[in-house]
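Here is the structure we will look at.
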Amino acid sequence: MNTDLVSRTGLVPEQMIPQSSPVDALESTVERVLVAVRPSNLADPLSGAHHAEESLRDVLRRTDAGADHALAQAMACAEAACEHLRYCELQEARLLLVAARGQLARCHART
C-alpha cells in the first residue's frame, strides 16, 4: 500500500478518482457546483450549499496537485469556496469557483 498517498489524502489508492486526470475530476465537480449554487436552482439554499460543499470537499480529498502550480491554485480556490459554502455565502463561493475554473483552463492550455 502506498502509505505516502494515504497520509496525504486519507484515502487508500482504490478510493482515488478513476478519471483520466485530477484536472478533469476537479473541473467537472467545479462545473456541477457552479450550476448547483445558482440562485435560480436553490429552492433550499442551506441544503443546496451543504450538498455542494460535500461534493467539492470529496473531490479535493481525492486530488493531488503534485508539481502542477495551476492545479494547486485551482484547489486552493475550491477549498476557499468550500468555506464560503459552509456559511451559505453563495456569491463569494461562486466567485472563487470561477477563479478555480480559470486556473483549470490554464492546466488544459499546457497539455
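Just so it is clear, none of the values below were taken in a lab; they were calculated from the coordinates. Everything quoted here is computed from the prediction, not taken from an experiment. Note that each Cβ is placed from the backbone with ideal geometry, even for glycine, and that neighbours are counted across all protein chains shown.
The local environment of VAL23, defined by Cβ-Cβ distances under 12 Å, has a net charge of -1 under the rule Lys, Arg +1 and Asp, Glu -1. The GluC sites (Glu not before Pro) of region 52-90 include none that DSSP puts in a loop with a beta carbon having at most 11 other beta carbons within 10 Å.
Near ASP64, no amide H atom lies under 5 Å from its own; only residues 5 or more places off or on other chains count, and H is placed 1.01 Å from N.
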